[in-house]
Number of protein chains: 2
Amino acid sequence: MDDSQQRIAEGILFTDMYQITMAQLYFRMGLHEKDVLFDHFFRSYPDYGHHKAGYCVNAGLEWLLTWMQSAHFSTEDIDYLRAQTGRTGKPIFDEDFLAWLAAHGNFDGITMYAIPEGRVVHPHVPLTVVQGPLIMAQILESSLLNHLNYQTLIATKAARMRQSARSSLLLEFGVRRGQGMGANAGARAALIGGADFTSNVGISRVLGYPPQGTHAHSMVQVFMALGMGELEAFRAYADVYSDNCLLLVDTIDTLKSGIPNAISVFEDLRRKGYEPVGIRLDSGDLAYLSIQAARMLDDAGFPDTSIVLSNNLDELVIWQILTQIRDEAPRWGVEPDHLIKRLAFGVGTRLVTSWGEPALGGVYKLVAVRDADRWVPAIKLSESSAKTPTPGQKRVWRVYDRRGTATADLLTLEEEDPLTMPEIVLHHPSDHTKCRTLKQVDISEIEPLLVKTLDQGRLVYDLPSIEAMRDQRQLDVDRLDPGVRRLLNPHIYHVSLTETLWKLKNDLIVSVAART
Amino acid sequence: MDDSQQRIAEGILFTDMYQITMAQLYFRMGLHEKDVLFDHFFRSYPDYGHHKAGYCVNAGLEWLLTWMQSAHFSTEDIDYLRAQTGRTGKPIFDEDFLAWLAAHGNFDGITMYAIPEGRVVHPHVPLTVVQGPLIMAQILESSLLNHLNYQTLIATKAARMRQSARSSLLLEFGVRRGQGMGANAGARAALIGGADFTSNVGISRVLGYPPQGTHAHSMVQVFMALGMGELEAFRAYADVYSDNCLLLVDTIDTLKSGIPNAISVFEDLRRKGYEPVGIRLDSGDLAYLSIQAARMLDDAGFPDTSIVLSNNLDELVIWQILTQIRDEAPRWGVEPDHLIKRLAFGVGTRLVTSWGEPALGGVYKLVAVRDADRWVPAIKLSESSAKTPTPGQKRVWRVYDRRGTATADLLTLEEEDPLTMPEIVLHHPSDHTKCRTLKQVDISEIEPLLVKTLDQGRLVYDLPSIEAMRDQRQLDVDRLDPGVRRLLNPHIYHVSLTETLWKLKNDLIVSVAART
């Protein structure tokens, strides 16, 4: 794909064909500029095999907004649509519709509310609310879901790795295992979710983070092939990077060759007045090897060098390594807390692919259509009531209990204000038997979550820095109940509807069901 | 990320930082233009939980070649590297190295051999062989792996779905669940692997395939919110797309509402002289519902309309649906073969993410360094002998038995020619106990697999069309033993080394191990 092809494939045609066939139908029916509301939300947390997440971290908004601001139907795009034919060879799209698309086929009419990136988010809560003319709100669906699903998936996975790695450095290494250039979106989301740096140079440059990395096995192999060995390779590296010497020690044999050679080079460095940075382990039993490495480095007088671990790490493997170190290090004479403090984790495949659950099932559902001055709620019945979206124009609030812990996300009708309610009745979104009541005295804060990002296509939102998103994520994670944020079998966080909204949803379901 | 940021993030800096730190070391040591060979290969087939693949389908080469032909270190890239500092605030990269990169930092010196896209491929076989100056061959690693790993992963998954869907139409629907713009790479690979069309409009345009799609639930919801119903929505759709009417029937209730309404609209269409295309089912028990749909459509006089199935389909779900239809359709008076012939499958999430195994572990390993006129084989010892790459400059052959079935992929030294060997001794790449001998009389064909794609950076390869890749894939799959291509618990295909190559590898391992 050359540059011009890439512009085509990543522009407004980065969508599903049915969006455009529906668009023409709306145009033909005179509904194309009908004001509508779509909610974007996901229905369940990622479930990585045996360990379902208890929260997600929202991400992807800024790149979606940038895409929306330049995407439009160009003359070439229109020509392409004009050439599409159906079964009988007749054109699928008519000239009047194509003329409308050429003139109005952009996102200038869209108003959008969204929960900011870096915020902790939960199922069934509208993360993004799109208001605007039916055609363009509909065409937006595919790209919106693409931009938000993946980055939220990865920010969530990174937040879990951040949690299990505790205060250790967390490095994103996934560029070779991502989906093409999607690896850049993954690296960005990883930073939002809790990775400290990425090895990906280009995205580091764009986001203003210093890229991280030292050397690979191939460097040692080159020296070996030329009749030298690991020690010469390490020496050469230490000469060039005296201030930043971190050596990969598992090309030949970690304990017999790599670490002894690294120590020898570190000693040379120190004689020359430099302090070595550390070593990286990329294979074998990382818990055992890091204890042995710490022991050898301690004995040689390098107790503060870093030990970077990599090789198919994820939140559970990191947790297991730390547990094993706590259990085993003492009998080797290594102080576990000291060892853990010097660890860093490089995470590649299992972060960039969200190993165990490689997609977030975010959806984009019509929830209201404006008829004259009134928003008419829209509904879709599904095989299970848990999948039926909550209709209508809504607001989203986070309710904190007296301890300052987030206790529920609350969906209300647009005109409802939970701040003025003497008590709040929280209804489960689909299970009518589940309901609880919160008195204002039990509440320390009620926070609106949606912010206006686009007003008729115009950006009205100060895009936060990645650093601000990271701070927000940490703040939100800290305000979760520890049971909700634990890695295995988490408590279920409450997402609730007010009495009025619950009744609206229920009445609509009953009335539609009665008609069939 | 705006356009100029995207160009940066997708250019030559789309790599890992350690490639550039190693590059400077090679420069400093005077090794930067040393001629080297890297092999790209994967070590094991994707293992989707309980069903490991028995073969892969190669893909991604063309996009890699396009990337390589434009990627280079621009002035801005160099300025960025110049600004990188280490722990002590000193610049990481020196001016002489940056000047070399500015002048020579492109892939003009690279010669590349590769197995064409669409070919069936196996573990431990070099799929891509890169020869060129050490610095640039090294910097290429991350992007090469990114481009080839993902598309091969998806072409493989698509080939499995193609296999279980047999002759039914297979449609790629994954744009909303891919990793950002990586979804385009996924759609391309899906076409190579066996999807017939994609819903993704932009990539369809670039690749010259007509995009596919009809309508979503939201269309029906709009009509309902405006006081009309599913029937009115279907009528409107049929009016606009009389020649191409395919209706999604599960917005309200598939059997009670959707199919009866569709039939009523189909009857109107027929009265007007049009034949309807069919229906789509997107929820519920798809096997049961497709039998009921077939029964209702048959009874109404529409026995040839398509029934498109979608909703989390993968190769096993498709297989299960077809099995259930074969078992259950007769007792509903539906002829299974006739029903199966009218089915089409829309595959989204589970194709674009390669559900069950979302990454292919392709690696890129130094295998030889040229010293004077001689290629010196390079080796990397690992914790397991199965992970030790096969060293040296090699050739790759596919050996077909008397039936014309592929029986082994054979790696030889560059100077070996299996066509002239009276018999071929096939050694397992790592298990010394496994060995078999093939006589020429047992062999119908020995086919070289690698073709030259780049000669000193110049494209010397006629890029095949997607259609040609699809034909090649089908041909290769047909020439696999049925046991190798079955979906569950496949036979192991043999990848073998010649006696000479086996001895080279073994001697090198022993000599390096002896030195530690």
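FYI, it's all coordinate maths here, none of it is from the lab. Treat the numbers as computed from the prediction; the structure is a model and nothing was measured. Every residue, glycine among them, receives a Cβ derived from its backbone with ideal geometry; neighbour counts consider all protein chains shown.
Shown for A:N311: label points 7 Å from Cα along the beta-carbon vector, and their distances to the equivalent points in the other copies, 4.4 nm in ascending order.
Peptide A:223-236 has a mean shielding of 4, counted as Cβ atoms of other protein chains within 10 Å of each residue's Cβ. The angle separating the long axis of helix B:95-104 from the principal Cα axis of greatest extent in chain B is about 60 degrees. Counting only Cβ charges, +1 for Lys and Arg and -1 for Asp and Glu, the dipole size of the protein assembly as shown around its Cα centre is about 1680 debye. Between helix B:466-478 and chain B there is an angle of about 90 degrees, using the helix long axis and the longest principal axis of the Cα atoms. Considering only A:L269, A:P448, A:G174, and ranking their Cα positions along the charge dipole of chain A that arises from unit charges at the beta-carbon of Lys, Arg, Asp and Glu, the one farthest toward the positive end is A:P448.
Distances from A:D371 to itself in the other copies, using label points 7 Å out along the Cα-Cβ axis, amount to 8.4 nm in increasing order.
B:L360 sits among other residues whose Cβ lies under 12 Å from its own Cβ, and their net charge, with Lys and Arg +1 and Asp and Glu -1, is +2. Residue-normalised convex hull volume from the C-alpha trace of chain A: 188 Å³ per residue. Between A:G229, A:V206, A:A344, the Cα set farthest toward the positive side of the dipole of chain A (charges on each charged residue's Cβ, about the Cα centre) is that of A:A344.
Under a model in which nothing but the beta-carbon of Lys, Arg (+1) and Asp, Glu (-1) is charged, region B:364-516 shows a dipole of about 500 debye around its Cα centre.
Given +1 at the Cβ of Lys and Arg, -1 at the Cβ of Asp and Glu and no other charges, the dipole of region B:213-344 around its Cα centre is 200 debye to the nearest 20.
For chain A, take the longest principal axis of its alpha carbons; what is the angle in degrees between that and the long axis of helix A:230-240, to the nearest 10 within 0 to 90? Once rounded, one gets 70 degrees. Between region B:21-57 and region A:276-324, how far is it from one alpha carbon centroid to the other, in angstrom? After rounding, the separation between the Cα centres reads 24 Å.
Take each residue of peptide B:3-14, count the partner chain Cβ atoms within 10 Å of its Cβ, and average: the result is 6. Think of it as helices only: each DSSP H run of n ≥ 4 in chain A is worth -39500 (n - 2.57), and spread over all residues that comes to -12000 deg cm²/dmol at 222 nm.
P(r) tail, region B:230-358: Cα-Cα pairs separated by more than 27 Å, 19% of all pairs. Summary for A:D337: label point 7 Å along Cα→Cβ; distances to the equivalent points in the other copies, ascending, 7.6 nm.
Working ranking of peptides A:118-125, A:83-90, A:399-406 by packing, defined as the average number of other Cβ atoms within 10 Å per residue, highest first, is A:118-125, A:399-406, A:83-90. Roughly how many Å is it from the Cα centre of region A:406-440 to that of region A:212-257, as a whole number? For region A:406-440 versus region A:212-257, the Cα centre distance is 60 Å. Counts of other chain beta carbons within 10 angstrom of each beta carbon in peptide B:362-373 average 3. With a cut-off of 12 Å between beta carbons, the residues surrounding B:L81 carry a summed charge of -3, where Lys and Arg count +1 and Asp and Glu -1. The fewest-to-most ranking of A:R479, A:R395 by surrounding Cβ atoms within 10 Å reads A:R479, A:R395. The mean of 1/r over all pairs of different alpha-carbon atoms in the protein assembly as shown, once inverted, gives a Kirkwood hydrodynamic radius of 30.3 Å. For the protein assembly as shown, with the dipole built from +1 on Lys and Arg beta-carbon atoms and -1 on Asp and Glu ones, taken about the Cα centre, which of B:Y241, B:L31, B:A359 lies farthest toward the positive end? Checking the options against the dipole of the protein assembly as shown, the answer is B:A359. Taking other residues whose beta carbon is less than 12 angstrom from the beta carbon of B:Y274, and scoring Lys, Arg as +1 and Asp, Glu as -1, yields 0.
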